[in-house]
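Colleague: Quick one: the structure is below, and I'll ask about it shortly.
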Amino acid sequence: MAHKTNLHASFFIAWRYLFSKKKHNIVNIISIISTVGIAVSAAALIVVLSVFNGIEGVITDSFNSFNPDLRITPTRGKEIAVDSFPFQKIKNLNHVASIHEIVSDLALVTYKEQQVLARIKGVNSQYVEERNMEELLIDGDFALAGGGMNFGVCGAGMAAFLQLYLDEIEPLKVYYPKRTKKNLANAVDAFYERNLIPGGVFATFTNYDDEYLFCNIEFARTLMDYHGLCTSVELFVSKENKLESVRETVQDILGDNYIVQDKFQQEELLFKTMKSEKMMIFLILVFVLVIAAFNIISTMGMLIIEKKDDLRILASLGANRRFISRIFILEGLVISFLGGLAGMLFGALICFIQDTFHLISYGNAEGFYIIDHYPVDLQGGDFLIVLITILIISLLASYFPVKIIKKRYTK
């Protein structure tokens, strides 16, 4: 009880010192500078972290619209025997909505005078319907087969490079190296060649737009001589919150011969890079916050000098070193808390204005972007991290001037 009373008394004196009139205006000025410095740093942290959250959310949504919930690939090689794979067992699992065979590999695609190395992805019509692939279209249709013809749907970046026109009859010529028959004397005979009618163009606003060409799975099997085989298996779950449990169950069924990856594992390098960039920016801004916290040392030092008579009086009344030290530690924490709280509120206001009115845009309006403004996403965890960081730095910054108290102004 005595300790709690002492804490309340220390806080009361610290609060009075913060708002009481000072003998020297310089103390007030330095206190204001300290508070403003902490506030600006806190606002910058909230704004930058929120922008990173927004960009990460946009990128995640873009890749999630393209990538499956789970992708199964063989640990060795790139072939999966369809007959021996436990499709039905996996399909019968709880929360598994659908399972699809995929035939995909790199192939050379030519169109008129242009050529590009593309990743051919053969899928069936059910895959297109269940994934709502039509939502990704910016031109044409996502029908991959019909009327005895095979159609191809490529990404916007690839279509631009090939100068593709859907209204023309000119086909896409697809070349794939023969796996079993190789004739080094005749390069033409070393490749399978088939034609695709350009049927549509999709856009995910990711690097996939430059790489992928969708086609019917039977076309891909014939082109690559993958009869009875597939290169991967894609799963979709009915409940997103059950994704990890389904992944673990499927991995247990398949064992070490297969790798089961969720959406984030499929783009592991990308998301690790984004998190590393976010952490680096956070550390840089924390360093700025540390510099701003040095003003607290100045504030405490000036306040100690001004209140030295008060300290001697408190000491004569029986206040020990710990009590007096706590006053100035709490003083520094109060300054930091008020500055941090004001800064976080101001940062949240900036983010709200940006999210509502889109004041800051990407370049000019003529750019081709998935969104035309910087996205922001305020997350409660960021506020907690910023506040804790501010208080820790302020606690350390307040400790050094307190050491002076113990040496000079207490018995």
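The values are calculated or read from the model by the stated rules, or taken from the named source; none is laboratory data. In this text the structure is predicted, and so the values were computed from the model without any measurement. Reconstructed Cβ throughout: ideal geometry from the backbone, glycine too, with neighbour counts over all protein chains shown. Heavy atoms of the whole protein, side chains included, go into the accessibility calculation; ligands, DNA and RNA do not. Shrake-Rupley method; radii C 1.70, N 1.55, O 1.52, S 1.80 Å.
Colleague: Suppose R0 equals 22 Å. What FRET efficiency, 1/(1 + (r/R0)^6) with r the Cβ-Cβ distance, do D252 and E79 give to the nearest 0.05?
Modeller: Result of the calculation: an efficiency of 0.45.
Colleague: A follow-up question, please. So for the chain, averaging the separation of alpha carbon pairs under 8 Å that are six or more residues apart and normalising by length, what relative contact order in percent results?
Modeller: With pairs under 8 Å counted, the relative contact order is 30 percent.
Colleague: Tell me whether segment 27-134 comes out rounded, prolate or oblate; compute the Cα gyration tensor, take square roots of the eigenvalues as a ≥ b ≥ c, and use a/c under 1.5 as the rounded threshold.
Modeller: Prolate, because a/c is 1.5 or more and a/b exceeds b/c.
Colleague: Treating the beta-carbon of each Lys and Arg as +1 and of each Asp and Glu as -1, no other charges, what is the dipole magnitude of the chain about its Cα centre, to the nearest 20 debye?
Modeller: 3880
Colleague: Also: Give the whole-number value, in cubic angstrom per residue, of the convex hull volume spanned by the C-alpha atoms of segment 256-301.
Modeller: 90
Colleague: Skip the ligands, DNA and RNA, and give the accessible area per residue of segment 288-380 with a 1.4 Å probe, whole Å².
Modeller: 55
Colleague: Could I ask something else about it? Any idea which of F205, L303, I253 is furthest toward the positive side of the dipole for segment 196-303, if Lys and Arg beta-carbons carry +1 and Asp and Glu beta-carbons -1?
Modeller: Of the options given, the answer is L303.
Colleague: Oh, and also: Once label points are set 7 Å from the Cα along Cα→Cβ at both L7 and E134, what is their separation, rounded to one decimal in nm?
Modeller: Output for this residue pair reads 6.4 nm.
Colleague: How much length is gained if the chain between T273 and S245 is pulled fully straight, taking 0.36 nm per residue apart and subtracting their Cα-Cα distance, in nm to one decimal?
Modeller: 7.5 nm
Colleague: Report, by chain and number, residues whose modeled amide H sits under 5 Å from the one on K121, excluding near sequence neighbours (fewer than 5 apart, same chain).
Modeller: L213, F214, C215
Colleague: Sticking with this one: Once you've got the Cα coordinates, tell me which of K121/K178; K242/K263; K78/K173; K242/K272; K239/K263 are over 21 Å apart.
Modeller: K78/K173; K242/K272
Colleague: Continuing with the same structure: For the chain, what is the percent of antiparallel DSSP beta bridges, rounded to the nearest 5?
Modeller: Approximately 80 percent, going by the DSSP bridge assignments.
Colleague: Moving on. Charges on Cβ only, +1 for Lys and Arg, -1 for Asp and Glu, centred on the Cα centroid of segment 260-356; of M280, A348, I327, which one is farthest towards the dipole's positive end?
Modeller: I327
Colleague: Computed from the coordinates I sent, Cα extents along the principal axes in Å equals one of (1) 100, 50, 41; (2) 84, 47, 41; (3) 62, 55, 53. Tell me the label.
Modeller: The listed entry that was calculated here is (1).
Colleague: Taking R0 as 35 Å, what's the FRET efficiency between L106 and Q379 from their Cβ-Cβ distance, rounded to 0.05?
Modeller: In this case the efficiency is close to 0.35.
Colleague: Would you mind telling me the share, in percent, of accessible area of the chain contributed by carbon and sulfur at probe 1.4 angstrom?
Modeller: Here carbon and sulfur together make up 59 percent of the probe-accessible area.
Colleague: Hey, any idea what the orientation-averaged projected area of the convex hull of segment 63-126's Cα atoms comes to, in nm²?
Modeller: The orientation-averaged projected area of the Cα hull of segment 63-126 comes to 6.6 nm².
Colleague: Separate question: Fully extended, how many nm does the chain gain between D372 and Q265 (0.36 nm per residue separation, minus their Cα-Cα distance)?
Modeller: 35.7 nm
Colleague: Please state, to two decimals, what the Cα-based radius of gyration of segment 92-225 comes to when divided by 2.2 N^0.38 Å (N = residues).
Modeller: 1.08
Colleague: Taking only DSSP H segments of four or more residues, each worth -39500 (n - 2.57), what value at 222 nm results for the chain once the sum is divided by all its residues, to the nearest 500 deg cm²/dmol?
Modeller: Roughly -17500 deg cm²/dmol at 222 nm, from the helical runs in the chain.
Colleague: Just name one of A43, T60, P74: the one whose Cα is farthest towards the positive end of the charge dipole of segment 21-94 (beta-carbon charges, Lys/Arg +1, Asp/Glu -1).
Modeller: Sorting the options by dipole projection puts first A43.
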